[in-house]
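The values are calculated or read from the model by the stated rules, or taken from the named source; none is laboratory data. This is a predicted model, so every value here is computed, not measured. No Cβ is skipped: glycine too gets one built from the backbone with ideal geometry, and neighbour counts run over all protein chains shown.
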Amino acid sequence: MIKIFLYTALLAFAVTSHAQGLLSSAARWYIADTVSGQCILKNHSLHPVYSNQRPIEVTGGINYHPAFLLNRQSKVSFDIGDLDIHQATFFTVYQLKDTIVENMIWHIEKEGKPQLLLTNKRMADFDKYKYMNFFDLHPLSPKIQVYEQTKEMDSLPIILQQWNIGQAPSAPKLPVQNLDGSISELIAFTKNLSKAEKLKIESYLALKYGITLSEPEGTYLNSAGEILWNGVKNNGFHHNVTGIGRDDSSGLHQIIATSSNHPELLSIRLKQDFKNNEFIIWGDNNLSMIPKTENGQLARLHRTWMMSISSTETNSFKTEIILDTKQIFTPGHSTPVFWLAIDSTESADFSASHTQYIRAVNIDTKGFAHFNIELKKNPAGKLYFSFITGQELMMTTQINEPTCDGSIKGQLKIKIIGGTAPYGLTITDKNHASTQLFAEESNSLKTIQDISPGFYVLEVKDAHQQVYTDTIIVNNLDGPNPIGIRNEYILSKDQNLLLNASETMEPGVSYIWEGPNHFSSSNPKITVQEKGVYHLNVSKNGCTNIRTIYVLGAPVNNFRDYILYPNPSEGIFNIKILLYHPASIEVTVYTSNGIPVIQQKVFGADHYILTNKLTESGIYFINLDSNNSSLTKKLIITH
């Protein structure tokens, strides 16, 4: 891992040094780099301007690029002389370790007096006594901070200016601590940039460091101003946007990338070379990393990714997709098999007829699943993908429902995945009547015509007697649909669950409920007192709709599932949290002496994957608070 990190970082930096265009006009440009295990800051002419006094082991960074680490005692200053910044635009890429106190990012002194000051909470102009405050929803994630100013030019000549990185001014005394974190890149222009120019620089930094842009409208540009990712058109997938690609004018050559929001959850590596202005960019829908069960389909994760491919010359790219299986909420198997599902159609419904399934080449000792895939550019320039935790032999079914009047016949399209040919396929209906078919190869479709509504059991057996079974429901396409009934409910501790299937339904509909312990009712309204699987059959004039409803037991608290890993850890640790209901979570990490060292608050979701880092060995306690629910986990850090 370290070898890859070093190679990627040095390659990216070497190309950056020859950047042309807008970036080459920067007045000051400093980039973190590693040389022989030593972390340094370089300017874009490759001459070191500051370095640590002793070599350090390269163990981290941002999106496979190095990060220059600073602590409370670090003193880093650049002499910027008579640089005229009365009109200026600053770009800063940083990441915090400590969010309890306000951290100094940098400040500029003129003739020994502070003028501009950036912290993780505000931008201050001491010359004009102006402040710009901001609130950070994800304080531990890497940041791109942009500041622009226009002031009157100094009437007196500027002789001495210092750009102080990570340290607070000695006077006046401020309630700010020196930076405990890292700096990856600093860019200063002695002019105001246009909206498009700023977006070009932000896009370059966002793609380089795996940071998702939110403004303006989450659109990414290359150095020529061409749109690589349209945040408006892709708004359903504008989360954790990441990319690989090459842009010679901005000096970017990224061959492996992961989102800095969830490092290493998903990484994609190019296994060939990019031509100039070729990019592969992806984002996700931010849904949970939990398999969802859909009628006839394999249990894909709720989270789906959309990928955009920008290229004028190359039509296919050999890549490796790497998934951290430890970050998936799934019961798992004793010998799990991970599959990549790819849908290249605009429907993104992962139907059997147009979905490609690729098995992981291997799962390494750290729990990373590796997939080799040749990504092919299609006319739309984008595709959709997700993941499946399954077994060696599987089957997926595309159900084409019949209409009530028979004008459209029912149809099943069945695709067998994995295993060893030949295969035997058995389809059994509710009356135990069976149909047997044979297939000579996997990933080919078998079509069953004239399927009537009802329950069916599908079983496939391969040449080695491996078996995969699935139960599907075929409904009438235009039959009555009780849209007021959800697929999942949670029992309350103190009251029963009332389900009313007749809401929004027209008259003349009949209802049949079936549930645990021989529960049965023909009333559209039922009172549920027991958890389990319930079936609802709704019919009118011979047209039917069958629904399966899962009722979960009353939770002890709002935490549905939670995993802390690795534990013990060498510094970096992750917390997977799944809630019954969307809610905020306050995370506090304490030392064994009760001293808080990390505080974090996240909100707006029912699932979270949080990554943090501790630099000191010892025993820590992690406290999670959500909706009056509290959990405490012990964590051991060993360095």
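The criterion of at least 2 residues that are in contact with a Cys (Cβ under 6 Å, 6 or more places away or on another chain) and either among the aliphatic types (A, V, I, L, M) or touching a residue at least 40 places away in the same chain (Cβ under 8 Å) (or both) is met by none of the strands (runs of 3 or more DSSP E) wholly inside the range 113-189. Quick check on the range 329-345. Is at least one of its residues touching a His at 6+ places or on another chain (Cβ under 6 Å) and either at negative phi or assigned to a loop (DSSP other than H, G, I, E, B) (or both)? Yes, the range 329-345 contains at least one residue that is touching a His at 6+ places or on another chain (Cβ under 6 Å) and either at negative phi or assigned to a loop (DSSP other than H, G, I, E, B) (or both).
In the range 166-195, the qualifying residues are those that are of a type in the set (Val, Ile, Thr) and within 15 Å of PHE78 (Cα to Cα), and the one that is farthest from the chain's Cα centre (by Cα) is ILE187. Evaluate the following for LYS208: is it basic (Lys, Arg) and farther than 23 Å from ASN120 by Cα? Answer is no for this residue. Looking only at residues of the range 626-635 that are farther than 24 Å from GLU264 by Cα, in contact with a Phe, Trp or Tyr (Cβ under 8 Å, 6 or more places away or on another chain) and not hydrophobic (A, V, I, L, M, F, W, C), we find that the one that is modelled with the highest pLDDT is THR632.
I need the full set of residues from the range 606-625 which are assigned to a strand (DSSP E or B), modelled with pLDDT under 90 and among the hydroxyl-bearing types (Ser, Thr, Tyr), in order please. TYR608, THR611 - these are the residues of the range 606-625 that are assigned to a strand (DSSP E or B), modelled with pLDDT under 90 and among the hydroxyl-bearing types (Ser, Thr, Tyr).
Is it the case that ILE416 is of a type outside the set (Phe, Trp, Tyr) and within 30 Å of ASP450 (Cβ to Cβ)? In short, yes.
Conditions tested, residue by residue: (1) among the hydrophobic types (A, V, I, L, M, F, W, C); (2) under 20 Å from HIS581 (Cα atoms); (3) at pLDDT 95 or above.
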position: LYS493; (1), (2), (3): no, yes, no
position: GLU506; (1), (2), (3): no, no, no
position: SER510; (1), (2), (3): no, no, yes
position: ASN517; (1), (2), (3): no, no, no
position: SER522; (1), (2), (3): no, no, yes
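Yes or no: LYS531 in contact with a Gly (Cβ under 6 Å, 6 or more places away or on another chain), closer than 30 Å to ILE451 by Cα and in contact (Cβ under 8 Å) with a residue 40 or more places away in the chain? No, not satisfied.
Counting only residues that are farther than 22 Å from MET289 by Cβ, assigned to a loop (DSSP other than H, G, I, E, B) and in contact with a strand residue (DSSP E or B) (Cβ under 7 Å, 6 or more places away or on another chain), the range 219-241 holds 3 of them.
Looking at ALA196, is it farther than 27 Å from ILE572 by Cβ, of a type outside the set (Ser, Thr, Tyr) and part of a helix (DSSP H, G or I)? So ALA196 fits the description; yes.
If the condition is being touching a Ser or Thr at 6+ places or on another chain (Cβ under 7 Å) and of a type in the set (A, V, I, L, M, F, W, C), then the range 386-431 contributes LEU412, ILE414, ILE416, ILE417, ALA421, ILE427. One residue stands out among those in the range 626-639 that are part of a strand (DSSP E or B) and of a type outside the set (Ser, Thr, Tyr): the one that is surrounded by the fewest Cβ atoms within 10 Å (Cβ to Cβ), which is LYS634. Taken together, the criteria exclude LEU228 from residues that are among the aliphatic types (A, V, I, L, M), closer than 20 Å to PHE329 by Cα and in contact (Cβ under 8 Å) with a residue 40 or more places away in the chain. PRO263 falls short on exactly one of the conditions (1) assigned to a loop (DSSP other than H, G, I, E, B); (2) touching a Lys or Arg at 6+ places or on another chain (Cβ under 9 Å); (3) in contact (Cβ under 8 Å) with a residue 40 or more places away in the chain, and that condition is (2).
On inspection, TYR468 passes the criterion of being among the aromatic types (Phe, Trp, Tyr), in a strand (DSSP E or B) and within 24 Å of GLN391 (Cβ to Cβ). State all residues of the range 394-446 that are surrounded by fewer than 16 Cβ atoms within 10 Å (Cβ to Cβ), in a strand (DSSP E or B) and not small (Gly, Ala, Ser); if no residue qualifies, say none. Within the range 394-446, THR426, ASP429, THR435, GLN436, LEU437, PHE438, LEU445 qualify. The number of residues in the range 415-441 that are farther than 30 Å from ASP405 by Cα and in contact with a Lys or Arg (Cβ under 8 Å, 6 or more places away or on another chain) comes to 5. The residues listed here are ILE244, ILE201, ILE211; of these, the one that is hydrophobic (A, V, I, L, M, F, W, C), at pLDDT 95 or above and part of a strand (DSSP E or B) is ILE244. Within the bounds of the range 54-76, is there any residue that is among the β-branched types (Val, Ile, Thr), closer than 30 Å to PRO175 by Cα, modelled with pLDDT under 70 and part of a strand (DSSP E or B)? No, there is no match, as no residue in the range 54-76 is among the β-branched types (Val, Ile, Thr), closer than 30 Å to PRO175 by Cα, modelled with pLDDT under 70 and part of a strand (DSSP E or B). In the range 196-220, which residue that is touching a residue at least 60 places away in the same chain (Cβ under 8 Å) and over 19 Å from the mean Cα position of the chain (by Cα) is nearest to THR89 (Cα to Cα)? Within the range 196-220, the match that is nearest to THR89 (Cα to Cα) is LYS198. Among the conditions (1) among the hydroxyl-bearing types (Ser, Thr, Tyr); (2) at pLDDT below 90; (3) buried (at least 19 other Cβ atoms within 10 Å of the Cβ), the only one that THR319 does not satisfy is (2).
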